[in-house]
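What follows is a short report on a single structure.
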Amino acid sequence: VREWSAEGAAERAASHEPILAELRTWLPLTPATVNTLTVLVPGCGLGRLPWDLACAGYAAQGNEFSYFMLFASHFILNCGPDAANAMSVHPFVHNPSCHMTNKNMLRPVPFPDIPPSAIAAINPGADLSMTAGEFCEVYGTPEHAGEWDAVVTCFFLDTAPNVCEYVQVIHAALRPGGVWVNLGPLLWHWADGPEASPGAARGPDDRFGRSLELSYAEVVACVQAAGFTLRTERRAPPTTYAGDALSLMSVVYSPMLFTAVKEEARGAEGREAAPPKPA
Ligand SMILES: C[S@@+](CC[C@H](N)C(=O)[O-])C[C@H]1O[C@@H](n2cnc3c(N)ncnc32)[C@H](O)[C@@H]1O
């Protein structure tokens with residue numbers, strides 16, 4: 001619903017439009033740079049944000065580690081019928097609570113609101129790719145250092161057991177002067193303790209035990225310590241996440257939006273670079 005349906009359009013707009021506006025401000029597209037400025041989107045879910053960025057003219061790469069997301073995004077992007085609203089899901093059928101009518105609960109939600117192949121007409125030179133794997137494992141390696149013009153994180157930072165690791169990998173992956181746009185709350189995914197682990201029967205997931213739950217102010221301190229300068233910092237519009245617009249209940253987030261630029265004078269690890277040696 002959130003990513004590929006008409007019903008999710010308002011929810012998508014609340015996140016994707018502020019992100020795109022920040023990118024256009026800090027990493028402007030020109031005829032010379034269109035489809036060449038690289039943007040990495042870790043934790044991209046079903047791939048709609050990288051698809052939107054690629055339509056806009058950024059060379060976008062989504063990254064995701066969940067097989068559920070990867071199978072579904074592969075199906076939508078590469079295998080589905082090439083027509084709008086050709087398929088449906090019934091996303092609310094398993095939740096019996098807070099429905100005004102039975103029809104609401106049982107309603108189908110058609111997808112995709114736009115066929116992904118439409119990207120070729122929207123932006124004929126579009127550059128869109130996806131990678132599968134854990135973000136820090138895939139991009140925290142030396143060969144990816146300084147590779148990206150921008151990183152965009154949307155409802156992603158709080159998936160980290162230790163957000164400082166994400167910050168360091170994002171910093172290392174960006175080129176000096178590169179731009180990081182973040183939008184999201186801090187609903188720490190690993191905060192609930194091992195008994196909440198879906199795989200508890202197989203033994204607790206150790207990420208619960210080492211979860212670090214920082215306040216926004218502490219995250220910002222970590223971002224600055226890594227070698228970023230904050231350029232934009234404000235509340236994004238209030239928004240639901242994977243909400244049911246017809247429900248009698250709604251959870252509304254008040255996400256923070258920030259844009260940070262990787263300082264030129266710091267090394268890939270975020271420490272002050274040594275002063276240049278005299279010739
Ligand atoms: C809350 S969802 C946000 C999805 C999308 N960005 C959006 O705004 O709709 C977080 C996503 O990040 C993925 N994810 C979490 N930790 C990850 C990691 N370490 N590496 C790659 N993907 C991860 C999850 O599988 C999930 O799809």
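Within the chain, antiparallel bridges make up roughly 50 percent of the DSSP beta bridges whose residues both belong there.
For region 87-101, 3J(HN,Hα) computed residue by residue from phi via the Karplus equation (6.51, -1.76, 1.60; θ = phi - 60°) reads 10, 9, 10, 10, x, 9, 5, 8, 10, x, 8, 6, 9, 5, 9 Hz, glycine and proline entered as x. Close amide H pairs (under 5 Å, H built 1.01 Å from N) link T131 with G62, N63, E64, residues at least 5 positions away or on another chain. What shape does region 63-156 take by its C-alpha gyration tensor, where a ≥ b ≥ c are the square roots of the eigenvalues and a/c under 1.5 counts as rounded, a/b above b/c as prolate, and the rest as oblate? Note, shape of region 63-156 comes out oblate. When only Cα pairs below 8 angstrom with a gap of at least 6 residues are kept, the chain shows a relative contact order of 20 percent. Panel note: the C-alpha atoms of region 74-120, placed on their principal axes, show extents of 41, 16, 13 Å (largest first). Amide H contacts for S5 (H built 1.01 Å from N in the peptide plane; partners 5 or more residues away or on another chain; cut-off under 5 Å): D113. Give the shape of the chain as rounded, prolate or oblate, defined through the alpha-carbon gyration tensor: a ≥ b ≥ c are the square roots of its eigenvalues, a/c under 1.5 means rounded, and otherwise the shape is prolate if a/b is larger than b/c and oblate if not. Oblate, because a/c is 1.5 or more while a/b does not exceed b/c.
Between S97 and H144, the contour length at 0.36 nm per residue exceeds the Cα-Cα span by 12.3 nm. Site pair Y67 and T131 shows an inter-label distance of 2.2 nm when each label is modelled 7 Å from Cα along Cα→Cβ.
Residue by residue, region 73-79 carries 3J(HN,Hα) couplings of 5, 4, 4, 5, 6, 10, 10 Hz when phi is fed to the Karplus relation 6.51 cos²θ - 1.76 cosθ + 1.60 (θ = phi - 60°); x denotes Gly or Pro.
Rounded to the nearest 0.05, the FRET efficiency derived from the C-beta distance between R234 and A9 at R0 = 22 Å is 0.45.
Here the extension length gained between H189 and T30 equals 53.4 nm, from 0.36 nm per residue of separation less the Cα-Cα distance. Full extension of the chain between S254 and A118 yields a length gain of 45.8 nm, computed as 0.36 nm times the residue separation minus the alpha carbon distance.
The H on the amide N of M256, modeled in the peptide plane, is under 5 Å from the matching H of G184, A236, each at least 5 residues off or on a different chain.
The phi-based Karplus calculation (6.51 cos²θ - 1.76 cosθ + 1.60; θ = phi - 60°) puts the 3J(HN,Hα) values of region 144-161 at 9, 4, x, 7, 10, 6, 8, 10, 10, 10, 10, 6, 10, 4, 7, 7, 7, x Hz, whole numbers, x for Gly and Pro. If I fit a long axis through the Cα atoms of helix 216-226 and take the longest principal axis of the Cα atoms of the chain, what angle between them do I get, 0 to 90°, rounded to 10? Roughly 40 degrees, rounded to the nearest 10.
A short reminder: the numbers here are calculations on the coordinates, not readings from a lab. In this text the structure is predicted, and so the values were computed from the model without any measurement. Counting neighbours? That spans all protein chains shown, and the Cβs are built from the backbone with ideal geometry, glycine included.
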